[in-house]
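Here's the structure, in structure tokens; my notes come after.
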Amino acid sequence: MSLLFSYLRPFVRRLSFLALLLAGTIGLQLLAPQIIRRFLDAAQAGAATRVLVQVGLLYFFVVLAQKVLNLGSVYLSAELGWATTNQLREDLTAHTLRLDMGFHKLRPAGELIERIDGDVSALAESFSGLVVQVGGNALLAVGILLFLGRESLAVAVVAVVYAGLTLLFMRAMHPFTIRYFGALRESFAQLSGYLEERLAGTEDLRGNGAGPYMLARLVPRLRATEEARLRADLTGHTTFNGRQLLYVAAFVLTLWLAAQAYLAGRLSIGTVYLLAAYMTMLQQPLMEIHRQLHHLQRALVGAGRVRDYFRLQPEVQTPDHGRGLPPGPLDVGVVDVSFTYRDRPGEEPPMPVLRDVSFHLPAGQVLGLLGRTGSGKTTLTRLLFRLYDVDAGAVRLGGVDVRELSPAELRQNVGLVTQDVQLFAASIRDNLTFFRRHNPTATALPDEALLAALEAVGLRKWVEELPQGLDTVLTGGGGGLSAGEAQLLALARVFLRDPRVVVLDEASSRLDPETEQRLEAAIDRLLEGRTAIVIAHRLHTVQRADRIVILENGQVEEQGMRAALAADPTSRFATLLRTGLQEVLT
């Protein structure tokens with residue numbers, strides 16, 4: 001509950017107004033049956049038509065006012081619930097973005113969506129309903145019992161017993177509901193994660209005939225979800241029907257007691273109606289309390305999962321006050337670095353990826369990083385970006401350990417271009433700037449800067465010929481663009497940031513020769529005056545390197561100046577040049 005109240009605190013005024021609306025609704029609900037009693041007793045006593053019409057009009061306006069207040073409270077309750085839960089969604093999303101790469105690798109996106117949206121949706125009504133509506137309906141129930149006690153003590157006792165048994169019955173069902181709805185939410189999360197992951201690879205699944213395998217793995221997940229849904233529904237219907245049986249028994253007993261009193265002359269016909277009406281009305285707050293408690297049960301499950309999610313902390317901790325980098329070109333130092341991935345399922349014990357790796361890249365030079373697939377090349381770049389932290393040793397940028405830098409300082413000064421380009425369903429402008437203009441704390445980049453970056457990669461003419469120019473909306477994943485255009489847009493992003501260190505993870509390996517030539521020309525312009533690490537598989541890519549580091553099984557097999565290594569016929573690098581880099585390293 002502390003989670004609910006913490007997010008409701010900024011909305012105290014709206015919550016107070018909602019309480020006033022509900023109080024007015026409750027008062028008018030209690031008044032309406034009194035007016036009907038007066039009408040029935042007046043009609044039985046032979047009152048004038050004018051009096052009956054006045055009583056009827058009074059009842060109409062009381063009910064109308066009650067419905068208007070109720071409509072306002074429903075609207076405000078829903079608006080308050082979504083306002084608070086949207087803030088919670090925002091906080092959960094920001095928390096998710098702060099978590100490590102290891103966390104994201106072990107959890108499919110569908111499961112994270114279920115945590116951020118599915119669990120929070122279960123809280124939407126609870127944020128306002130639990131705080132105000134449960135209290136309001138409890139107040140209505142107490143008012144009904146007081147009015148019943150004033151008219152008939154026997155009927156009031158029946159009502160108290162009925163209300164008590166109903167609440168006890170719902171309390172007895174509470175543990176089952178918590179358990180089964182928790183299992184249902186978990187099964188939905190697992191199903192969503194499986195479907196998201198598999199549907200993202202539809203092309204590969206169909207191309208390799210793995211559709212039957214996917215369906216075979218889907219069936220047990222669907223069965224688990226079905227069983228969880230059946231258990232949850234059965235629990236819900238058992239609770240509802242049990243409560244209905246208690247109400248019917250209480251209503252029949254009320255009619256019998258009221259009829260006996262009427263026949264004995266102790267009650268008027270209007271009072272008989274009043275007792276029956278109040279007993280019927282008592283069902284409503286109890287039903288609402290049950291409904292809200294049902295939402296509470298779901299909300300407690302969701303809130304518990306949300307609270308546990310917030311407790312997850314990234315292993316890569318950022319300093320409160322990061323150090324600044326020195327001015328001018330930056331060197332890169334890797335000192336006795338060892339690292340092991342602990343987010344690879346099924347790998348027990350985890351195997352080291354890097355072992356005692358050391359090299360130094362002077363400022364303004366280009367390093368060619370070579371090695372077979374799995375030798376640790378990409379892992380080194382991830383450590384430089386602090387997507388992971390080293391197990392031992394240090395990665396230094398400009399002489400400063402990257403663990404002492406703030407994320408903003410680090411990523412402003414280090415740019416990355418990979419084979420895999422992420423483009424969003426947004427305008428070219430937003431794709432280039434990563435939605436910078438929507439960030440109130442960042443200065444929006446002028447169009448001239450964007451066009452200059454596009455000019456540097458040879459895309460300015462292409463963009464200017466588009467009907468909407470920079471405001472042209474791309475489809476998600478870069479649909480409609482060639483691989484070369486997507487890569488050049490990714491390169492333009494790096495030009496915009498103007499980093500002092502650039503990492504190229506074989507960005508041109510998937511392109512046709514003509515597009516590759518355009519990209520290589522743009523890369524040459526990007527590397528001018530900058531320190532760069534180039535992960536290479538092709539001979540011509542290595543030619544721009546000043547230094548070479550060759551990794552083998554997570555260790556440095558060879559390093560040195562490119563020209564010196566190439567001139568030494570006994571070096572590993574010279575052997576690769578003679579044999580062919582691509583044939584040997586892939």
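Percentage of Cα-Cα pair distances in the chain greater than 44 Å, rounded to whole percent? Result: 43 percent of Cα pairs exceed 44 Å. Ordered by solvent-accessible area of protein heavy atoms (1.4 Å probe), largest first, the residues Lys377, Lys67, Lys461, Lys105 come out as Lys461, Lys67, Lys105, Lys377.
Note on the chain: with charges restricted to the Cβ of Lys and Arg (+1) and Asp and Glu (-1), its dipole about the Cα centre is near 2480 debye.
In the chain, the DSSP-assigned H stretches of four residues or longer account for a calculated mean residue ellipticity at 222 nm of -20500 deg cm²/dmol, using -39500 (n - 2.57) per stretch and the full residue count as denominator. Taking the inverse of the mean 1/r over every pair of distinct Cα atoms in region 27-116 gives a Kirkwood hydrodynamic radius of 17.9 Å. Working ranking of peptides 385-391, 279-285 by packing, defined as the average number of other Cβ atoms within 10 Å per residue, highest first, is 279-285, 385-391. Region 436-474 and region 299-318 have Cα centres separated by 38 Å. Beta bridges assigned by DSSP with both partners in the chain are antiparallel in approximately 50 percent of cases.
Taken as Cα centroids, region 131-159 and region 346-424 sit 68 Å apart, rounded to the nearest whole angstrom. When only Cα pairs below 8 angstrom with a gap of at least 6 residues are kept, region 286-433 shows a relative contact order of 28 percent.
For the chain, the relative contact order is 14 percent, taking Cα pairs closer than 8 Å that sit 6 or more residues apart in sequence and dividing their mean separation by the residue count.
The values are calculated or read from the model by the stated rules, or taken from the named source; none is laboratory data. Please read these numbers as outputs of a predicted model, since none were measured by experiment. Because the Cβ atoms are built from the backbone with ideal geometry, glycine has one as well, and the counts that use them run over all protein chains shown. Quick note on the areas: whole protein, heavy atoms, side chains included, nothing else; ligands and nucleic acids left out. Shrake-Rupley method; radii C 1.70, N 1.55, O 1.52, S 1.80 Å.
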